[in-house]
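Following: one structure in structure tokens, then a few remarks.
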Amino acid sequence: MNSLKRYWGKRKFKKTFEPKGKVLKTKKQRFVVQEHWASHHHFDFRLEMEGVLKSWAVPKGVPEKAGVKRLAVQTEDHPIDYINFEGKIPEGLYGAGTVKTFDKGKHELIEKDKNRIIFKLKGKKLKGIYNLIKFKKPNQWLLFKTK
Ligand code: MN
């Protein structure tokens, strides 16, 4: 199954500037945090893995300090090209509002299974070991930095 189907299904590519993209065979491990002034202001956290950007909406942002726990809601996989996307998604479209890069860099995957992803971020603002732990509730994860 193509994991970008949900991403494509939500968007009108004649109207939005967002990339259509495709699943790529990439070995790079990058991440991006995009600040998004949509109907609700939030941050989108995206990790490059499995040929796409695995994505979470983090209402309060990715913590910069260890011990701060944040809710992260998993959203549809995004194409890797989205790592460079900035700009305004037009009104009336999915995710309408301005997107701006908050931080970007490389990550290093330490551990991953169905319910847990541990990785190291090497960004300009975000550095260190992070954990994403899945709740029982669908799509809900806990995101925090460890010392
Ligand atoms: Mn968003």
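The values are calculated or read from the model by the stated rules, or taken from the named source; none is laboratory data. A quick note: this is a predicted structure, and the numbers were derived from the prediction, not measured. Heads up, the Cβs are rebuilt from the backbone with ideal geometry, glycines too, and the neighbour counts pull from every protein chain shown. Side chains included, ligands, DNA and RNA excluded: accessible areas come from the protein's heavy atoms. Shrake-Rupley method; radii C 1.70, N 1.55, O 1.52, S 1.80 Å.
Here is how the numbers come out for the structure above:
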| quantity | calculated |
| --- | --- |
| Furthest towards positive pole of dipole, F31, S55, N2, structure part segment 1-79, Cβ charges | N2 |
| Residue-by-residue Karplus 3J(HN,Hα) for segment 29-37, coefficients 6.51, -1.76, 1.60, Hz, glycine and proline x | 10, 10, 9, 9, 10, 10, 7, 10, 8 |
| Cross-link partners of K60 among aspartates and glutamates (Cα-Cα below 13 Å; sequence separation of 8 or more within a chain) | E35, D44 |
| Surface accessible to a 1.4 Å probe, per residue, for the residues of segment 17-123, Å² | 53 Å² |
| Of K20/K134; K10/K125; K27/K54, pairs whose Cα-Cα distance is over 26 Å | K20/K134; K10/K125 |
| DSSP-loop trypsin sites (Lys or Arg not before Pro) across segment 77-128, with at most 14 other Cβ within 10 angstrom | K114, K124, K125 |
| Linear extension gain, K127 paired with E35, 0.36 nm per residue minus alpha-carbon span | 31.4 nm |
| Positive-end residue of T98, A72, T146, charge dipole of the chain with Cβ unit charges | T146 |
| Distant-in-sequence amide H partners of Q29 (H built 1.01 Å from N, under 5 Å) | H107 |
| About the Cα centre, charge dipole magnitude for segment 3-99 (Lys/Arg +1, Asp/Glu -1 at Cβ), debye | 300 debye |
| Rounded accessible area of Y94 (nearest 10 Å², 1.4 Å probe) | 100 Å² |
| Tensor-based shape of segment 88-147 (alpha-carbon gyration tensor, a/c under 1.5 rounded, otherwise prolate or oblate) | oblate |
| Projected-area mean, segment 4-126, by convex hull of Cα positions, square nanometres | 7.5 nm² |
| Karplus-derived 3J(HN,Hα), 6.51/-1.76/1.60, for each residue of segment 10-15, Hz, glycine and proline x | 8, 10, 10, 6, 7, 10 |
